[in-house]
């Protein structure tokens with residue numbers, strides 16, 4: 001890939017390198033030669049750090065606004081002279097065009113940044129928080145979750161930096177609500193949905209309404225998810241499956257402070273408890289890990305789970321420093 005920032009006039013505005021790079025992506029994406037390889041490179045860059053995504057979102061707003069304003073200021077073409085000699089077009093020098101464009105974009109950027117607002121929300125390990133947004137929507141944060149809400153007159157955007165959140169959105173087609181994480185983009189179409197970010201993948205479960213998933217994987221087409229649909233998106237693939245209502249309800253048990261397991265392996269159950277507690281469960285051997293369990297447990301009380309493991313399966317439970325080891 002060529003160096004996007006080469007001869008980039010954003011230098012004149014003392015822009016940060018990440019803003020210059022984001023502006024370069026916006027310019028390049030608007031050109032006719034944009035292809036799937038370019039799209040994959042952009043998605044990889046966006047996934048590197050939340051700062052890349054924030055810069056790109058803001059520059060996209062600026063770039064689109066500048067294009068519209070520039071279109072309104074197109075000069076009237078010269079009228080051909082009545083003489084036999086045709087007047088030569090008086091094209092301005094490239095540098096003049098770029099300087100004028102930067103002035104326009106800079107003014108729009110200043111206006112947009114003044115009118116946009118960013119709010120940060122987070123929960124600790126074992127925490128739970130309900131956030132009511134100004135538009136009437138509600139976001140519910142699960143354990144160890146961090147997200148940012150960036151709003152302006154055109155779009156409402158949530159950057160999910162880590163963790164899991166349940167969204168109940170007041171739909172507004174003129175002002176879309178978008179969740180971005182791991183290079184994936186989820187757009188509300190009148191919805192209640194759950195988004196869980198893991199290392200390397202994103203899980204989206206739809207409770208009501210619809211969402212549009214635009215995955216970062218190359219060649220992946222946008223997918224419309226309906227109630228009961230569960231999508232898992234990675235950097236290389238997207239899979240969508242139907243989930244029964246009871247299973248989806250179990251996934252949302254954390255909203256009431258409980259973990260609900262239906263034929264869950266002990267290893268999987270231990271992993272879930274570890275998301276909510278600083279004292280970690282360790283399953284010591286493969287045979288124990290593959291045992292399955294059903295039940296409802298307080299999320300912040302792994303002791304109830306280990307007692308069941310002792311009584312039902314006859315397993316050994318040993319406490320150490322900040323860990324509980326379960327074995328045969």
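Test of understanding: among 305, 297, which residue is surrounded by 18 or more Cβ atoms within 10 Å (Cβ to Cβ) and assigned to a helix (DSSP H, G or I)?
The conditions single out 305.
Quick one: which strands (runs of 3 or more DSSP E) lie wholly within region 89-160 and hold at least 1 residues that are exposed (fewer than 15 other Cβ atoms within 10 Å of the Cβ) and modelled with pLDDT under 90?
Qualifying strands (runs of 3 or more DSSP E): 117-122.
Quick check, is residue 198 at pLDDT 90 or above and either crowded, with 19+ Cβ neighbours inside 10 Å or touching a helix residue (DSSP H, G or I) at 6+ places or on another chain (Cβ under 9 Å) (or both)?
Spelling it out, it is not the case that residue 198 is at pLDDT 90 or above and either crowded, with 19+ Cβ neighbours inside 10 Å or touching a helix residue (DSSP H, G or I) at 6+ places or on another chain (Cβ under 9 Å) (or both).
Quick test for you: out of 148, 196, 185, 210, pick the one residue that is assigned by TED's automatic domain parsing to the domain that holds residue 240 and more than 17 Å from residue 240 (Cα to Cα).
Numbers: 196 fails: more than 17 Å from residue 240 (Cα to Cα); 185 fails: more than 17 Å from residue 240 (Cα to Cα); 210 fails: more than 17 Å from residue 240 (Cα to Cα).
The unique qualifying residue is 148.
Going by the conditions given, is residue 204 modelled with pLDDT of 95 or more, in contact with a strand residue (DSSP E or B) (Cβ under 9 Å, 6 or more places away or on another chain) and either within 22 Å of residue 40 (Cα to Cα) or surrounded by fewer than 16 Cβ atoms within 10 Å (Cβ to Cβ) (or both)? So that I can check it myself, show each step before the final result.
Details: modelled with pLDDT of 95 or more: yes; in contact with a strand residue (DSSP E or B) (Cβ under 9 Å, 6 or more places away or on another chain): yes; either within 22 Å of residue 40 (Cα to Cα) or surrounded by fewer than 16 Cβ atoms within 10 Å (Cβ to Cβ) (or both): yes.
It is true that residue 204 is modelled with pLDDT of 95 or more, in contact with a strand residue (DSSP E or B) (Cβ under 9 Å, 6 or more places away or on another chain) and either within 22 Å of residue 40 (Cα to Cα) or surrounded by fewer than 16 Cβ atoms within 10 Å (Cβ to Cβ) (or both).
Using the structure shown, decide if residue 216 is assigned to a loop (DSSP other than H, G, I, E, B), in the same structural domain as residue 144 (by TED's automatic domain parsing) and crowded, with 16+ Cβ neighbours inside 10 Å. So that I can check it myself, show each step before the final result.
Numbers: assigned to a loop (DSSP other than H, G, I, E, B): yes; in the same structural domain as residue 144 (by TED's automatic domain parsing): yes; crowded, with 16+ Cβ neighbours inside 10 Å: yes.
Considered against the rule, which asks whether it is assigned to a loop (DSSP other than H, G, I, E, B), in the same structural domain as residue 144 (by TED's automatic domain parsing) and crowded, with 16+ Cβ neighbours inside 10 Å, residue 216 comes out as yes.
In region 168-181, which residues are surrounded by 23 or more Cβ atoms within 10 Å (Cβ to Cβ) and either farther than 12 Å from residue 213 by Cβ or over 13 Å from the mean Cα position of the chain (by Cα) (or both)?
Matches in region 168-181: 169, 177.
Quickly run through region 27-41 and pick out the residues that are in a helix (DSSP H, G or I) and closer than 18 Å to residue 221 by Cβ.
29, 36, 37, 38, 39, 40, listed by residue number.
The values are calculated or read from the model by the stated rules, or taken from the named source; none is laboratory data. All figures in this text were calculated on a predicted structure; none of them were measured in a lab. As a convention, Cβ positions derive from the backbone with ideal geometry for all residues, glycine included, and neighbour counts pool all protein chains shown.
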